Amino acid sequence: METTSNSSGDGVEAGFAKLHGEDFEYYMQTYSIILGRNSKNSPPVDIDLSSLGGGTKNISRHHARIFYDFRRRRFALDVLGKNGCSVEGVLHLPGNPPVKLDSQDLLQIGDKEFYFLLPVRSILGGPIGPRSHVVTGRGGVVSRNEYDEGGSGDYALGYAKKMRRGGDGQLADKMVEARSRVDRKADNHQLLLLEEKDVVSSVATLLSDLCGPGEWMPMEKLHAELVDNCSDVWHHSRVRKYLTSEDYPSPESNGKPWYGLLMLLRKYPEHFVINTRTKGRVTHEFVCLVSLLS
C-alpha cells in the first residue's frame, strides 16, 4: 500500500485527516489539498489519482479540493472537475456549494474510491471522543492507528448500525447525532489550539529575530510586523481574530487592532511577558519573549 503526505518532513504518518483507499493512504498535513491528475502544463496536485488507478478520462487536472472550512469549523469538499465527485453515493457537480465531509464518508472520483477519516484523538494529545480503540501516539501527534476507521471497538457506532439493521432507525440516528456533536466540539477545540500554537510560534519567531534578550517591543510594532509578514499567508478569519479588533467590541480594544493578539499572548506567560505603561489616558502595551517554544 502506498502511503503519502503533503509534508516535506521526516515521513511521519500523521495529519489532520486521512484519505484511505484500497491501495493508498494519504495524510493531510495542511488545511487544504488538491486532488486530480498531474500534467506538464499545470502545477502538481497533492494527490494524483490517475497514478493510483483512477483513470485519466474522467479525472480533471484539478478535480476536487478538500479543505477545512474555518467559518463553519468542519472539513468540506469543493468539486472542480466537470465529471463531479460522489460522496456516500451522491453525485456532486462543480458550481454547487462545498460538500460537508464526515468521518468515514466514502468518496469516489473517476474510478477511484476512498474513505475520508478524522482522528479519534486530539493532535495535541488526549482523546476527542468516547472511542475505546484510542492508542497512544508519538509526542501527541495523531499517528496512523488513530483514525476513525470504525470496527468492533467503536461501541456507539457499532450499536447504532445494529439498531438500524433491526429497524430502530430513529434511536440510532439520535445516538449518531449526539456522538457527532461531541466529536465536532472536540474537533473545533483541537483546531483552535492548533491555530493558537501557530500564531504564538509566528510571534516568537519575530521577537527572537528582531529583539535581543530582555528587549521589549511595543504591541503596535509587533502588530505592524505581523501584518507585513503574515496577513497574506494567514486565513482571513485568523487575520480578523488576531490582527483586527472586529471580534472585540469592548472599549478596551478601541484603537488597538492587536487586542486579540494581546489576549492570546497573555495565555502563554511561560513564553511572553506583557508590560503595560499608562501616560495620561493612553495605555501602551509592550511584549518580551522570555523563552522559545519547544
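The values are calculated or read from the model by the stated rules, or taken from the named source; none is laboratory data. Remember, predicted model here, so these are calculated numbers, not experimental data. We place every Cβ from the backbone using ideal geometry, glycine too, and count neighbours over all the protein chains shown. Ligands, DNA and RNA are excluded from the accessible area calculation, which covers all protein heavy atoms including side chains. Shrake-Rupley method; radii C 1.70, N 1.55, O 1.52, S 1.80 Å.
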| query | Looking at segment 235-267, which of the residues that are of a type in the set (S, T, Y) and modelled with pLDDT of 90 or more is surrounded by the fewest Cβ atoms within 10 Å (Cβ to Cβ)? | reply | T244
| Does V227 satisfy being modelled with pLDDT under 90 and aliphatic (A, V, I, L, M)? | no
| request: Kindly indicate which of L293, L191 is out of contact with any Leu (no Cβ under 7 Å at 6 or more places or on another chain), modelled with pLDDT under 90 and part of a loop (DSSP other than H, G, I, E, B). | output: L293
| said: If a residue must be of a type outside the set (D, E, K, R) and in a loop (DSSP other than H, G, I, E, B), how many such residues does segment 263-281 contain? | reply: 4
| query | Which residues, taken from segment 252-262, are on the phi < 0 side of the Ramachandran plot and more than 22 Å from the chain's Cα centre (by Cα)? | reply | E252, S253, N254, K256, P257, W258, Y259, L262
| query | Can you name the number of the only condition in (1) modelled with pLDDT of 75 or more; (2) open to solvent by 50 Å² or more (accessible area, probe 1.4 Å); (3) assigned to a helix (DSSP H, G or I) that E196 fails? | reply | (2)
| Which one is farthest from R238 (Cα to Cα) among residues in segment 66-103 that are among the hydrophobic types (A, V, I, L, M, F, W, C) and in contact with a Lys or Arg (Cβ under 7 Å, 6 or more places away or on another chain)? | L80
| message | Among the residues that make up segment 62-84, is at least one of them on the phi > 0 side of the Ramachandran plot, surrounded by fewer than 15 Cβ atoms within 10 Å (Cβ to Cβ) and at pLDDT 90 or above? | response | no
| request: Return yes when V99 is open to solvent by less than 30 Å² (accessible area, probe 1.4 Å), touching a strand residue (DSSP E or B) at 6+ places or on another chain (Cβ under 8 Å), under 30 Å from K241 (Cβ atoms) and without any contact (Cβ under 8 Å) to a residue 24 or more places away in the chain and no when it is not. | output: yes
